[in-house]
Amino acid sequence: MVDRVWIAGGFGQYLDIERAVMIRLLPGRRGGVRIMADSRETHKNEKVREIEEKLADLKGRWPAHSVPPSMWQQLEKLESELEEVKK
């Protein structure tokens, strides 16, 4: 019995897992097989979450007026990182 299926590379990156199971290209959960997502996607989601938490923290400390330049720089850096990771 198959325990894990790893789909990598360009094929794995763009493969719709649910549809692949539906057309029986991949085994489904009915057979006790657990399909694992690509670790790159998991890492990407964790990185997005981490950056979003940093942004929320920064915005929570944002003063009502007279924002220091360092905070603006931090905001711009985090927003560009988030945009880059989401690509």
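Observations, loosely collected:
- When the range 69-87 is filtered for residues that are exposed (fewer than 10 other Cβ atoms within 10 Å of the Cβ) and farther than 26 Å from Ile7 by Cα, the ones remaining, listed by number, are Pro69, Ser70.
Okay, residues lined up against (1) in the same structural domain as Lys87 (by TED's automatic domain parsing); (2) outside any helix (DSSP H, G or I); (3) more than 21 Å from the chain's Cα centre (by Cα); (4) at pLDDT 85 or above:
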| position | (1), (2), (3), (4) |
| --- | --- |
| Val2 | no, yes, yes, no |
| Val5 | no, yes, no, no |
| Val21 | no, no, yes, no |
| Glu46 | yes, no, no, yes |
| Ile51 | yes, no, no, yes |
| Ser66 | yes, yes, yes, yes |
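- Number of residues in the range 43-72 that are of a type in the set (S, T, N, Q) and in contact (Cβ under 8 Å) with a residue 12 or more places away in the chain equals 0.
- Search result, residues across the range 39-73 that are over 30 Å from Leu15 (Cβ atoms) and of a type in the set (A, V, I, L, M, F, W, C): Leu55, Ala56, Leu58, Trp62, Ala64, Val67, Met71, Trp72
- Any hit, the range 9-18, residues being β-branched (Val, Ile, Thr), surrounded by fewer than 10 Cβ atoms within 10 Å (Cβ to Cβ), modelled with pLDDT of 75 or more and not assigned by TED's automatic domain parsing to the domain that holds Lys87: no
The values are calculated or read from the model by the stated rules, or taken from the named source; none is laboratory data. Just so it is clear, the structure is predicted and the values come from calculations on it, not from any experiment. Cβ coordinates were reconstructed from backbone atoms using ideal geometry, including for glycine residues, and neighbour counts include every protein chain displayed.
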